[in-house]
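FYI, it's all coordinate maths here, none of it is from the lab. Keep in mind that this is a model prediction, so the values were computed, not measured. Because the Cβ atoms are built from the backbone with ideal geometry, glycine has one as well, and the counts that use them run over all protein chains shown.
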Amino acid sequence: MHNFMESIAIPTAALVFSLLIFSGFVAFSGNNVLEVLAAIYQGAFGSWFSWQNTLVRAAPLMLTALCTALPARSGLIIIGGEGAMVVGGLCATLTGISLNGLPPFFVISSMACSGVLSGGAWIAAVGALKHYRNVNETISSLLLNYIAIAILNFLILGLLRDPATLNKPSSFPIGDANMLGTIGTTSIHAGLIFGLVVCGLLWFVIRRTTFGFSIDMIGGNIRAAQISGLAVGKLIIITCFLGGAAAGLAGMIEIAAVHGRANTSLNAGYGYAGILVAFIARYNPLAIIPVAILLGGIRASSGLLQRSFDLPDATTLVLQGIIFIVILASGAVYGRLNWFKPKGDSP
Amino acid sequence: MSHTTNKGKINPGRRRLLKGLSALGAAGLMNGFGPAPLWAAAKVKMGFIYVGPRDDYGYNQAHFEGKSAVATLDWVKAVDEENVPETIEVIKTMESMINLDGAQVIFPTSFGYFDPHILKTAPKYPKVMFLHCGGLWDEKKHPKNVGSYFGYIDEPVYLSGVVAGHMSKTGKLGYIAAIPIPQVLRNINSFTLGARSVNPKITTNVVFTGGWANPVKEAEAANSMADQGIDVLTCHVDSPKVVVQTAEKRGIYCCGYHTDQSVLAPKGFLTGAEWNWSKVYIDYAQMIKTGKPIPNLVRGGLKEGIVKSSPYGMTVTAKAKENADAVRKKFMDGSMIVYQGPMKDNTGKMAIPAGTRYSQTDIWLESMNWLVEGVIGTTKS
């Protein structure tokens, strides 16, 4: 319980502290601090319209954050979410195009499978390179992003190109029947449900299964894990696969719920934003949900700030950056505050 | 700082917080944000959306300058957003402008905003006009409240070519382009044709960078072209800043694109092809104010004032100016035909047979997939 309190109180305090620093910037730029903060709140969470705006932006971040968060639990810093998302979206498109005409439920399920498998394989390769060849996983996953984007560009400018898309080269469409719909009468697409379910599921796997415990053990002390007989290599590769699978699913959702065909819009930076979410959430799949919503909200409020105060888009990037740094720095406080220690258990 | 939303002055407080949280619970009950707000003064409300930063010295800045011009009219309220990706986020931006700012007309300026984002959003807001920069609107397929506007910018690009043809000493020009799509190929061809109208021996080297904003590759290409003895550079990427600055640093000439880059290269800047969105946006605002129907398709070139040339740089010779101005005059009176046969492509094949003429508005030109004789490069990226 004390641990839980600590993990709520410290990020909250960090958030408040970041807002204070941010207020300094706003005041310096000559704007009314309270009005700007109120506008951020209004743009992110102030109405049902804003909530939809926020949730739509948060949905892909939940999945791409898992691509960094899961491998990080086993001690690997992977930043290849963007590439896995592109590959997942591309393979899902290929599947959708080739199965177009069959029953939509079958097509959509197949697209999801191919997104998950290809994205998973993409990051599993990073894990394998690390385990068998000792290739630095951060570098290899970053470079794989560029390879994924190059493959995407190659295919949409060549083999997959729909000749009708003259000035915005795109693949053939997957067909309207095979698109994912929105949730009820809202404008939020089904991707949000996928994000919530997958985060919950992976939280369960991490916290409540032997497999999850083994992963944390590898991350905690890889020698100890080896000595206790864990199949470290296999576990690392499986973890990477799961992370990549989540990002691949995000790619599939971008195609099936938003674009309907593959083009350069698939590579919109969600993979990189997911890294930020994973770090702030301290690699906890459940914490990813509120953090993704917070970040989605900040992004959603950018529009209102620009339109109402003539502030540049960079304003919300500054806020994002401040929050990121303060929350990372606040990691040093864990376990040092007496308020959160069980009574009678003084150091 | 006046700041209003459709609910009036923003007032931070607990009540708003509770309202926001309870809105989550009311999810199933309401869709959207209710009716568009009533505005005290009947201003023309316009929303502009850019895919990149407002100050990119290029495509986005050109639109921002147009927006800034229309915003100076006291009967117009113009709002804008930068760095909006071509994803569901642009749908949300458009809806915010409509629901929160009461925008009557939206200008999503990036090509990739059209399909599916504008096409998906427009039917939901039949009273709002969605005007897309790019010329994709098709009467048979697309909603009535969607439209396109675009300019034949290859006309001023041709003029840049004429000036470059006069100024080049080596007879070698360089074109740094994003991807080989019809629009880009047409600019490369027009530039080359303009230069070769001065000196038929001139060649244009083309490098495709593979993306609209690849500053590192653009700088590499510019440097390598300077090394090869190319002495006039131009480009078709989102922001010509890097190419223009690199050319200046290497002591060679350059022609701008999208907007005026002369401040970036005070010595070597010759001229450039620019959009004149100020005129286009003010025209639209006036149509809305007077209640005139808005045409679904607006296109034009130098004659219609949708595109223009940047002022000549200080090194441009009188002869070059005279020649370019003479051609400009022909563009203005409609007698200038750039694409007429016989014209060969750069593989030696006949691209336009003798006797065939394609005037500027000809739809055939819009699927251009070849490079004209004199261009060194291929249409494969």
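This table checks each residue for (1) within 20 Å of B:Thr93 (Cβ to Cβ); (2) among the small types (Gly, Ala, Ser).
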position	(1), (2)
A:Leu196	no, no
A:Ile218	no, no
A:Ala245	no, yes
A:Leu249	no, no
A:Gly274	no, yes
A:Ile288	no, no
A:Leu305	yes, no
Q | Any helices (runs of 4 or more DSSP H) falling wholly within the stretch A:221-302 and containing at least 1 residues that are under 13 Å from the mean Cα position of the chain (by Cα) and closer than 27 Å to A:Ile183 by Cα | A | A:232-253, A:270-280
Q | Selection within the stretch A:258-275 - facing chain B (nearest Cβ under 8 Å) and small (Gly, Ala, Ser) | A | A:Gly260, A:Ser265, A:Ala268, A:Gly269
Q.
Looking only at residues that are within 22 Å of the chain's Cα centre (by Cα) and of a type in the set (D, E, K, R) in the stretch B:99-143, which one is farthest from B:Pro295 (Cα to Cα)?
A. B:Asp115
Q.
For the condition farther than 30 Å from B:Ala42 by Cβ and in contact with a strand residue (DSSP E or B) (Cβ under 9 Å, 6 or more places away or on another chain), what is the one hit in B:Met343, B:Met336?
A. B:Met343
Q. Touching an Asp or Glu at 6+ places or on another chain (Cβ under 9 Å) and under 17 Å from A:Leu66 (Cβ atoms) - does that describe any residue in the stretch A:240-248?
A. yes
Q) Just checking, how many residues over the stretch A:42-80 are facing chain B (nearest Cβ under 7 Å) and touching a residue at least 60 places away in the same chain (Cβ under 8 Å)? A) 5
Q: Kindly indicate the residue of the stretch B:112-126 that is buried (at least 21 other Cβ atoms within 10 Å of the Cβ) and of a type in the set (Phe, Trp, Tyr) and also farthest from the other protein chains (Cβ to nearest Cβ) among those meeting that condition.
A: B:Tyr113
Q.
Give me the residue from the stretch A:88-103 that is under 22 Å from A:Val197 (Cβ atoms) and in contact (Cβ under 8 Å) with a residue 60 or more places away in the chain and, out of that set, surrounded by the most Cβ atoms within 10 Å (Cβ to Cβ).
A. A:Gly88
Q: Considering each residue of the stretch B:167-216, count those that are part of a loop (DSSP other than H, G, I, E, B) and among the aromatic types (Phe, Trp, Tyr), and give that number.
A: 1
(Q) Anything in the stretch A:311-326 that is more than 9 Å from chain B (Cβ to nearest Cβ) and not in a helix (DSSP H, G or I)? List them, or say none. (A) A:Leu311
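Answer yes or no: is there a residue in the stretch B:225-232 that is part of a helix (DSSP H, G or I), more than 23 Å from B:Glu155 (Cβ to Cβ) and touching a residue at least 12 places away in the same chain (Cβ under 8 Å). Break it down stepwise before answering.
Applying the first criterion (part of a helix (DSSP H, G or I)) to the stretch B:225-232 yields B:225-227.
Those left that are additionally more than 23 Å from B:Glu155 (Cβ to Cβ): B:225-227.
Next, only the ones that are touching a residue at least 12 places away in the same chain (Cβ under 8 Å) stay: B:225-226.
Yes, the stretch B:225-232 contains a residue that is part of a helix (DSSP H, G or I), more than 23 Å from B:Glu155 (Cβ to Cβ) and touching a residue at least 12 places away in the same chain (Cβ under 8 Å).
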(Q) Checking B:Ile181 against (1) closer than 20 Å to B:Val307 by Cβ; (2) among the β-branched types (Val, Ile, Thr); (3) away from every other protein chain (no Cβ under 14 Å), only one condition comes out false. Which one? (A) (3)
Q: Return yes or no: is A:Asn32 more than 9 Å from chain B (Cβ to nearest Cβ) and out of contact with any Ser or Thr (no Cβ under 9 Å at 6 or more places or on another chain)?
A: no
Q: Would you be able to say whether some residue in the stretch A:177-188 is more than 13 Å from chain B (Cβ to nearest Cβ) and under 30 Å from B:Gly134 (Cα atoms)?
A: yes
**Q.** Any chance B:Tyr149 is more than 14 Å from chain A (Cβ to nearest Cβ) and part of a helix (DSSP H, G or I)
**A.** no
Q. Checking B:Leu131 against (1) touching a Gly at 6+ places or on another chain (Cβ under 6 Å); (2) within 14 Å of another protein chain (Cβ to nearest Cβ), which single condition isn't satisfied?
A. (2)
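Tell me, yes or no, whether the stretch A:193-203 has at least one residue that is within 13 Å of another protein chain (Cβ to nearest Cβ) and aliphatic (A, V, I, L, M).
No; the residues of the stretch A:193-203 include none that is within 13 Å of another protein chain (Cβ to nearest Cβ) and aliphatic (A, V, I, L, M).
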Q) Name the pairs whose Cβ atoms lie under 7 Å apart, with the first residue in the stretch B:290-314 and of a type in the set (Ser, Thr, Tyr), the second part of a loop (DSSP other than H, G, I, E, B), and 6 or more positions between them or separate chains? A) B:Ser310/B:Asp260
Q) Got a sec? Which helices (runs of 4 or more DSSP H) wholly within the stretch A:1-104 have at least 3 residues that are closer than 22 Å to A:Phe204 by Cα? A) A:2-28, A:48-73
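Listed here are the residues, each with its yes/no results for (1) touching a helix residue (DSSP H, G or I) at 6+ places or on another chain (Cβ under 7 Å); (2) not in a helix (DSSP H, G or I).
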position	(1), (2)
B:His63	yes, no
B:Ser68	no, no
B:Val79	yes, yes
B:Val84	yes, yes
B:Ser96	yes, no
B:Ile106	yes, yes
Q.
Can you pull out every residue in the stretch A:104-147 that is farther than 20 Å from A:Leu70 by Cα, touching a Ser or Thr at 6+ places or on another chain (Cβ under 7 Å) and without any contact (Cβ under 8 Å) to a residue 40 or more places away in the chain?
A. A:Ser110
Q) Looking at B:Val90, is it part of a helix (DSSP H, G or I), over 22 Å from B:Val298 (Cα atoms) and within 13 Å of chain A (Cβ to nearest Cβ)? A) yes
Q: Might you check whether a residue that is loosely packed, with under 13 Cβ neighbours inside 10 Å, at positive phi and free of Cβ contacts under 8 Å to residues at least 24 places away in the same chain occurs anywhere in the stretch A:205-220?
A: no
